[in-house]
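The block underneath contains the structure these notes are about, expressed in structure tokens.
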Amino acid sequence: MQRPMTPFLAALAVASCMAAAPQQHPAAAPTPPPLTVMVEYTDNLGRVLTTPDGRTLYRYDREDAGKVLCVSTCTDTHKPLLTRPGTELRLPPGIVGTLGTVSLPDGGDQVTYDGSPLYTYTADKQPGDTDGVTLHWHVIQPRNTPRAQGN
């Protein structure tokens, strides 16, 4: 004849099973590597901000700080400099300014310099190219960098 399990024995059985099972902790997301916006010398415009691989960075003068207007087809030629959440943003030592991010309307974070969203230009084929300069698109010369002669 079997005896019914008492509530105490049932609790003891459950507790012993839980203690024996290894505790599962969600894996922490790896920290993304830092993103350093660089400064490179260009023949025609002097020192300008670039991506880590030397591509010139631009700002769109119709955008106010924190407001992104270059969306949709605009990004076919002007690619936003994107970053992942949690990425440490860095400037080279001695360069004045503030890097930050702005949320894009379609999701994602775009890097900013002193509040201006940063872009690359698709027709710039090699480091130091500045073919994206137009009436409304400009390279960014760090505040503490002297302008090239003649500019």
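Some observations on this one:
- The set of residues from segment 68-88 being in a helix (DSSP H, G or I) and either within 17 Å of Val48 (Cβ to Cβ) or of a type in the set (S, T, N, Q) (or both) comprises Ser72, Thr73, Thr75.
- Boolean, Gly128 is assigned to a strand (DSSP E or B), surrounded by 12 or more Cβ atoms within 10 Å (Cβ to Cβ) and in contact with a strand residue (DSSP E or B) (Cβ under 6 Å, 6 or more places away or on another chain): no
- If the condition is being open to solvent by 80 Å² or more (accessible area, probe 1.4 Å) and not in a loop (DSSP other than H, G, I, E, B), then segment 43-58 contributes only Arg47.
- When restricted to residues that are open to solvent by 40 Å² or more (accessible area, probe 1.4 Å) and assigned to a strand (DSSP E or B), segment 33-42 contains 3.
- So Ser103, is it under 13 Å from the mean Cα position of the chain (by Cα), of a type in the set (Gly, Ala, Ser) and surrounded by fewer than 18 Cβ atoms within 10 Å (Cβ to Cβ): yes
- Pairs where the first residue, in segment 116-138, is on the phi > 0 side of the Ramachandran plot and the second is in a strand (DSSP E or B) and of a type in the set (S, T, N, Q), C-beta under 9 Å, 6+ apart: Gly128/Thr42; Gly128/Thr50; Gly128/Thr56
- Scanning segment 89-112 for residues that are under 22 Å from Val48 (Cβ atoms) and charged (D, E, K, R) gives a single hit, Arg90.
The values are calculated or read from the model by the stated rules, or taken from the named source; none is laboratory data. A quick note: this is a predicted structure, and the numbers were derived from the prediction, not measured. For neighbour counting, all protein chains shown are included, and Cβ atoms are generated from backbone atoms with ideal geometry for every residue, glycine included. In case anyone asks, the SASA skips ligands and DNA or RNA and just uses the protein heavy atoms, side chains included. Shrake-Rupley method; radii C 1.70, N 1.55, O 1.52, S 1.80 Å.
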